[in-house]
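Asks: Take this structure first; my questions come after.
The values are calculated or read from the model by the stated rules, or taken from the named source; none is laboratory data. This structure is a prediction, so every number in the text was calculated from the model and none was measured. Here the Cβ positions follow ideal geometry from the backbone for every residue, glycine too, while neighbour counts run over all protein chains shown.
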Amino acid sequence: MKNKVQMEQAAVKRKKVIVPFLIGLLLLSSIVFIKHLMNRMNSYIEKNGKMSMGAVVEQMQQTYELQTNGYYSQLHLVEGYLLQKKELSLETEENRNFFEAWERESESTLLFLQENGKAITADGTKMRIDIPSKLLLDLRNGHNIAKLVAWNHEEIQNGAYLVAIPCQPYRIDGKTYTAIGTAYNHAKLDSMLKLKGYHGNAYLFLLDNEGNITYTNQSKDVFFRNYSLLKHLRKSQAITEGEAETLQKRLAAREQGVELLGGKSPYYLGYCPIESNHSMLICIVAKGVVDNTLTEYQKAVSFTTMFMVGFIILLFAGLFYSVSRLSIADQKAKYEKRNNELQIQAMKELEASNQNLKEAKNIATEALQTAENANKAKTDFLSNVSHDIRTPMNAIVGITALIRHNAGDKVKVLEYVDKIDISAQHLLGIINNVLDMSKIEAGKTAFQYTDFSISDLLQDLNAIFHSQAEEKDQTLTITKEKIRHEWVNGDQVHLMQIFSNLLSNAVKYTQDGGAIHFVAEECETASTVYARYRFFVRDNGMGMSDAFKDTIFDAFTRAENSVTNKIQGTGLGMAITRNLVEAMGGTIYVESKPGQGSCFEVLIDLKIAKERPAFLSSKEEETPNGAILEGMHFLCAEDNELNAEILTELLKMKGAECTICENGQKVVETFEQSVPGAYDMILMDVQMPVMNGYDAARAIRRSLHKQAGTIPIIAMTANAFSEDIRHSLTAGMNAHISKPVDMMLLEKTIRSIKSGGGSETQADKE
C-alpha cells in the first residue's frame with residue numbers, strides 16, 4: 001500500500017515538472033511559427049504588389065475602352081446620317097429631331113468640327129475648341145482623338161473631355177466640316193475611371209503617342225496642353241534618367257506592365273495601351289497605398305493566429321491543471337476510455353482519408369493520362385507538320401539548285417518549275433489547314449450562303465479529282481440519285497472543302513487500281529423550305545482500325561502504320577471537316593474495316609432555292625475573258641521588294657502596268673497628285689510602315705480627288721481571317737484577296753467589280 005502511495009506521489013511530482021515544461025515548449029513553438037508566418041506574409045506583399053496594381057490598371061483600361069467605344073459607335077451612326085444627307089440645315093425639323101434624340105441617348109453634347117478647330121453644336125451655337133494642332137493633324141490623317149479641352153462657349157470658359165472621329169467632308173448651313181465629336185464633362189470621366197480600392201490616392205493620366213497628357217484626374221491640373229508626363233517626373237526627381245529611358249521605350253512600343261520606381265519614395269507606375277484612340281493609360285500610386293490592403297490582410301491573419309495560439313496555450317494549461325487535480329486511477333480510466341474513442345475515430349477518419357485519397361488518385365491518374373494524350377497529340381502534330389513542311393521545302397530548294405545548273409535547258413527548266421509549283425501548292429495546303437483549324441477553334445469561320453446547283457457542285461468535284469484518281473489508275477464514280485430540288489442555298493465553298501477532304505483521303509488511302517464512289521442523294525422530308533441531302537464517299541482502300549475510327553475526327557491524329565506514315569498530312573483535315581459539317585447543322589458518320597475500305601456519310605439540310613433553266617447555270621454565266629487586265633494601270637501598295645517585283649511581272653504578263661508604293665502614306669500622296677483616270681484600280685497591302693492599308697483606304701475615300709469615292713480598292717494581304725475581310729470592307733475597300741496572289745481569282749474579282757457585281761473575297765474561294 002505504501003509503495004502505491006509513493007508511486008502516486010512521484011507521478012504528481014513529475015506532472016508538476018512536465019506541465020510547465022510543455023507549456024513553455026508550446027509557447028516557444030508558437031513564437032517561432034508566428035515569426036515564420038510574418039516573414040511569409042511580407043514576402044507575399046512584395047511579390048503580389050505589382051500583380052495587384054496590374055489588375056487594377058487593366059480593369060480601368062477595359063472600363064474606359066468600353067465607354068469610349070460606345071461613343072465612337074454612336075458617332076459612326078451620326079456619320080452615316082451626315083454622309084447620307086451630304087448637305088443639311090440645322091433648322092430642318094427632321095435634322096433637329098435626330099440630333100436632339102442622339103444627345104438625349106448619349107447624354108453628351110454633339111459637335112460638328114472644321115479642320116481649323118472651329119465647331120458648331122447641334123443647336124447652332126458656334127464655338128472654338130482649344131485643340132492642339134497635333135490632334136487636328138491626327139484628325140486630318142484619319143485617326144480618332146480624345147482630349148481634355150477648353151472652349152469658349154458664349155464667353156464663358158468651360159472644360160470637357162472631347163471624343164472625335166474623322167469623316168468625309170459634309171456641309172451644314174453652307175459650311176464644310178470634316179469631323180464629328182462629342183463632349184462630356186470632366187467629372188463624368190473621373191467617375192468612369194474612379195479607383196475605389198485606393199481611396200482617391202491614385203494619379204491617373206491619358207497620354208498621346210508622344211507622351212503628352214490628354215487627361216488627368218487631378219483637379220489642380222485640369223488643363224494640360226502638350227505637357228509631357230516624363231518631363232514632369234524628371235523635374236520632380238521622381239524618376240532616374242535610366243528608368244525614364246526604359247519607360248519611354250515601353251510606352252512607345254505600347255506595352256503593358258507595372259514598374260516600381262521612386263527610390264526612397266517608391267511608387268508603382270502601371271501602364272497599358274488604349275486602342276480606341278491610340279492613347280496610353282497611366283496609373284501612379286504610392287507603394288505604401290498599394291501594399292496597404294495586403295498589409296491589413298497580414299495584420300488580420302497575424303492577429304487571428306496569435307489569438308488561436310493563446311487560446312490553445314490557455315486550453316492546454318487548463319487541461320493540465322485539471323489533470324493534476326484528479327487521482328491517477330480516475331485519470332487512467334478516463335484516458336483509456338478517451339484513447340479508445342480516439343482510436344475508433346482515427347480509424348474511421350483514416351478509412352475515409354484512404355477512400356478520398358484513392359478517388360483523388362484515380363482522378364489525378366485520369367487527368368494525367370488525358371494531359372499526356374493531348375501532349376502526345378500536339379507533339380505528333382508538330383512532328384508531322386515539321387516533316388510535311390520540310391518535305392516540299394526541300395524539294396523547292398533542291399529543284400531551285402537544279403534550275404541554276406540546267407538554266408540553258410528550257411524543257412528541263414519548265415519541268416522543274418512544274419514540280420516547284422506542286423510543292424508550293426502542297427505547302428500552301430498545309431498552312432491553310434492550320435489556319436482553318438485556328439479559325440474554327442477561335443469561332444471566326446465565316447459562312448457565305450449563295451444559290452448553287454447540285455450538278456455544278458458534282459461537276460467541280462469530278463474536275464478536281466478525276467485526274468488525281470487516273471494517276472493512281474483508280475476508278476472514280478460521281479453520281480446523284482432521287483434529286484428533286486436541283487437548286488439550293490448554302491455555303492458552296494465550305495461544302496466543296498468538306499467533300500474535297502473526303503475525296504482527297506479516299507484517293508490517298510486507296511491502293512492503285514482501287515475504286516471510289518461519290519453519291520449525292522435527296523432524302524424524304526416534310527419540310528417545304530429545306531431539303532435533306534445524304535452524301536456518300538465510299539472506297540475499297542486500306543480502311544482503319546476500330547481504335548483509330550473513334551479518334552479520326554480529333555485534331556492532330558493520324559493512323560500510324562508502315563503504309564500511312566508514308567502519306568503526308570497534319571492530322572487536321574478530318575477535324576476541320578467535322579467542325580464545318582456541324583457548324584452548318586449537319587452530321588458525319590464513318591464505317592470502316594481494315595483492308596476492306598471506308599465509307600463516310602454526310603447528312604445535311606440545305607434551303608431550297610428557285611429552280612433555274614439549265615442554260616443559266618453558274619458555269620455558263622461566267623464568260624471567259626482572259627484579257628480583263630489588258631491595258632489597265634494599277635496603283636499598288638507593297639512594302640516587300642520581292643513581292644512587289646513578283647506582282648509587277650504577273651501584271652505585265654496579263655498586259656497591265658502598275659506603280660509600286662512602299663507604304664500607305666505614299667499611296668495616298670501618289671493618288672491625290674494624279675490626274676483623274678491615271679489609275680484604273682488600287683491594290684492595297686494592309687500591314688505597311690508609316691500608314692497601314694486600312695487608314696490609307698479611309699484617307700483616299702475622304703480626299704478631294706474626283707475619283708476618291710469611285711476608284712476600286714482591293715485589299716491584297718496575308719491577313720486571311722473573317723475579321724480581316726470585314727475590316728477591309730469597313731475601311732472602304734471593294735474586295736479582299738489573300739496572299740499568295742491567285743491571278744485567276746484576281747481576274748474574277750476585277751471582272752465582278754467592273755460588271756457592278758458583289759465583291760469577291762478569298763473567303764468566297766475557300
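Asks: If you take the residues in region 504-542 that are buried (at least 19 other Cβ atoms within 10 Å of the Cβ) and in a loop (DSSP other than H, G, I, E, B), which one is farthest from the chain's Cα centre (by Cα)?
Replies: Among those residues, the one meeting the criterion is 514.
Asks: Take the conditions loosely packed, with under 11 Cβ neighbours inside 10 Å, at pLDDT 75 or above, outside the structural domain of residue 259 (by TED's automatic domain parsing) and part of a helix (DSSP H, G or I) and apply them to residue 65. Does it pass?
Replies: Against the criterion (loosely packed, with under 11 Cβ neighbours inside 10 Å, at pLDDT 75 or above, outside the structural domain of residue 259 (by TED's automatic domain parsing) and part of a helix (DSSP H, G or I)), residue 65 does not qualify.
Asks: Do the conditions hold for residue 744, that is, is it part of a loop (DSSP other than H, G, I, E, B), of a type outside the set (Ser, Thr, Tyr) and either within 29 Å of residue 166 (Cα to Cα) or modelled with pLDDT of 80 or more (or both)?
Replies: Against the criterion (part of a loop (DSSP other than H, G, I, E, B), of a type outside the set (Ser, Thr, Tyr) and either within 29 Å of residue 166 (Cα to Cα) or modelled with pLDDT of 80 or more (or both)), residue 744 does not qualify.
Asks: Quick one: which of 461, 427, 476 is assigned by TED's automatic domain parsing to the domain that holds residue 508, modelled with pLDDT under 90 and buried (at least 16 other Cβ atoms within 10 Å of the Cβ)?
Replies: That would be 461, the only listed residue that is assigned by TED's automatic domain parsing to the domain that holds residue 508, modelled with pLDDT under 90 and buried (at least 16 other Cβ atoms within 10 Å of the Cβ).
Asks: So residue 103 fits all but one of (1) assigned to a loop (DSSP other than H, G, I, E, B); (2) touching a Leu at 6+ places or on another chain (Cβ under 9 Å); (3) among the charged types (D, E, K, R); what number is the exception?
Replies: For residue 103, the failing item is (1).
Asks: Being touching a residue at least 12 places away in the same chain (Cβ under 8 Å), aliphatic (A, V, I, L, M) and over 19 Å from residue 511 (Cα atoms) is the filter here; which residues of region 542-554 pass it?
Replies: Hit for region 542-554 is 552, nothing else.
Asks: I'd like the full set of residues that are over 26 Å from residue 288 (Cβ atoms) and assigned to a strand (DSSP E or B), limited to region 224-278.
Replies: Hits for region 224-278 are 228, 273, 274.
Residue by residue, here is whether (1) modelled with pLDDT of 90 or more; (2) closer than 19 Å to residue 634 by Cβ holds:
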residue	(1), (2)
690	yes, no
703	yes, yes
713	yes, yes
719	no, no
726	no, no
738	no, yes
751	no, yes
759	no, yes
765	no, no
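Asks: So, one more: Check 605, 539 and return the single one that is closer than 18 Å to residue 504 by Cα, at pLDDT 90 or above and touching a strand residue (DSSP E or B) at 6+ places or on another chain (Cβ under 8 Å).
Replies: 539
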